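Here's the structure, in structure tokens; my notes come after.
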Amino acid sequence: MDEIKTTSGRVVGSWNGEHARDLMAEIARIKQMLAQENASDSLDSRSIPHREQLHADLLNFKAYHLWGCDRHGECLVGTNANRIESVEKVLAFSLIDHH
């Protein structure tokens, strides 16, 4: 399933898990759409599709927003879903005991 859903379960977009930059663009589009609608709905970074692509050590990662990791080892991070980090960099940060 590639569906991106709001906290209320409404399907507002999709991501195929291939490239983190595509996810970044899609989340930006969705956030703009929700703002234009004055929607009370929001996106939950933990419900983005393709969670199975996350490294096992990142499944409970809480140090900062982790939106998703693509098939190439790039992860979309940050509250505003506006930074791409390598999975190695995110893992290194997670191992500093920020859980």
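Here are the numbers for the structure shown:
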read-out: Count of residues meeting criterion [among the hydrophobic types (A, V, I, L, M, F, W, C), modelled with pLDDT under 95 and farther than 24 Å from residue 86 by Cβ] in the range 1-56; value: 2
read-out: Residue that is surrounded by fewer than 17 Cβ atoms within 10 Å (Cβ to Cβ) and under 13 Å from the mean Cα position of the chain (by Cα), where the choices are 22, 57, 41; value: 22
read-out: Top-ranked residue in the range 19-56 [being in a helix (DSSP H, G or I) and among the hydroxyl-bearing types (Ser, Thr, Tyr); ranked as nearest to residue 92 (Cα to Cα)]; value: 45
read-out: Pairs with Cβ under 7 Å, 6+ apart, first in the range 56-84 and touching a residue at least 60 places away in the same chain (Cβ under 8 Å), second part of a helix (DSSP H, G or I); value: 84/20; 84/21; 84/24
read-out: Odd one out for residue 78 among (1) at pLDDT 95 or above; (2) touching a Phe, Trp or Tyr at 6+ places or on another chain (Cβ under 9 Å); value: (1)
read-out: Single unsatisfied condition, residue 86 versus (1) modelled with pLDDT of 90 or more; (2) small (Gly, Ala, Ser); (3) buried (at least 18 other Cβ atoms within 10 Å of the Cβ); value: (3)
read-out: Residue match in the range 25-32 (condition: free of Cβ contacts under 8 Å to residues at least 12 places away in the same chain and under 12 Å from the mean Cα position of the chain (by Cα)); value: yes
read-out: Neighbours by Cβ (under 6 Å, 6+ apart or cross-chain): first from the range 1-18, on the phi < 0 side of the Ramachandran plot and part of a strand (DSSP E or B); second surrounded by 14 or more Cβ atoms within 10 Å (Cβ to Cβ) and at pLDDT below 95; value: 6/41
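The values are calculated or read from the model by the stated rules, or taken from the named source; none is laboratory data. Please read these numbers as outputs of a predicted model, since none were measured by experiment. Every residue, glycine as well, gets a Cβ built from its backbone with ideal geometry; the counts of neighbours run over all protein chains shown.
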